[in-house]
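For reference, the structure discussed in these notes is given below.
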Amino acid sequence: MQNDFIKLAPSILAADFAHLGEQVAEAERAGADRIHVDVMDGHFVPNIAIGAPIVQSLRRITHLPMETHLMISDPDFFLDEFAEAGSTSFLVHWEGNNNLHRTVQRIKTLGKRAGVAINPATPASVLEEILPDLDQVLVMTVNPGFGHQQFLQSTLHKIQRVAQMIGQIRPDCELEVDGGIDEATAPMVVAAGANVLVAGTSIFAADKSVAAAMESLRDAVSQIAR
Ligand code: DX5
Ligand code: ZN
């Protein structure tokens, strides 16, 4: 089966910030399905990155959905700000959130798509009760906090399990993967059940143009049987 349904979400963490607008525009022209924005607070993860003003600026130059991956403590405090800036969906982590259901409901009240992300050491089973409320699940295929890390093969089995759960509980929910996705690993995650690929380094820091890098990724998964 041809995998035309695989979506690409270029992660601007790996972009050249001196040319961010141009790189996002290039990704849009090359058929990106959405832009992935990584937000880090130096506390939830050992790195800092990207605040709402960047989303606000990009909102003026792209029509693409902007999904916002909140790798921060207390994400509830920042939902309004990012929503006003132009975020279209939020990916919040299961880890460290004692009130995940409330966070997800807040996102939906804001009229945004809701996703939950799980780290490599977090089992798929934690998603079971929240899954009916979700538009997206994000399986981290590296430990969050940095781009350009090596894909963790141990997450493949979990992707399969999450795909099964989605099939049984919430078939419309997207299964997204994030971290170390390139031409070599994309076929593995798609075969395991992923249908949205986040990619930073392999799109914005490849030895080819953004458009050519996206084409390579699409080619890599085009014939994967599901
Ligand atoms: C990592 C971020 C990713 C990151 C992926 O914590 O959540 O979105 O940008 O980067 P690559 O594709 O370089 O692994
Ligand atoms: Zn991310």
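The values are calculated or read from the model by the stated rules, or taken from the named source; none is laboratory data. Please read these numbers as outputs of a predicted model, since none were measured by experiment. Cβ coordinates were reconstructed from backbone atoms using ideal geometry, including for glycine residues, and neighbour counts include every protein chain displayed. Surface areas here come from the heavy atoms of the whole protein model, side chains and all, with no ligands, DNA or RNA. Shrake-Rupley method; radii C 1.70, N 1.55, O 1.52, S 1.80 Å.
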| message | Tell me the residue from 217, 175 that is part of a strand (DSSP E or B) and either in contact with a helix residue (DSSP H, G or I) (Cβ under 7 Å, 6 or more places away or on another chain) or more than 13 Å from ligand 1 (Cβ to nearest atom) (or both), please. | response | 175
| Residue check, residue 203 against (1) open to solvent by 20 Å² or more (accessible area, probe 1.4 Å); (2) farther than 21 Å from residue 135 by Cβ; (3) part of a helix (DSSP H, G or I), all met but one. Which one? | (1)
| note | Given (1) among the hydrophobic types (A, V, I, L, M, F, W, C); (2) open to solvent by 40 Å² or more (accessible area, probe 1.4 Å); (3) within 16 Å of ligand 2 (Cβ to nearest atom), residue 189 misses just (2)
| said: If the requirement is being part of a loop (DSSP other than H, G, I, E, B) and either in contact with a Leu (Cβ under 7 Å, 6 or more places away or on another chain) or not aromatic (Phe, Trp, Tyr) (or both), which of these qualifies: 53, 46? | reply: 46
| task | Just name the residue that is nearest to residue 211 (Cα to Cα) out of those in segment 12-33 that are touching a residue at least 60 places away in the same chain (Cβ under 8 Å) and within 16 Å of ligand 2 (Cβ to nearest atom). | result | 27
| query | Is segment 95-108 home to any residue that is in a loop (DSSP other than H, G, I, E, B) and within 16 Å of ligand 1 (Cβ to nearest atom)? | reply | yes
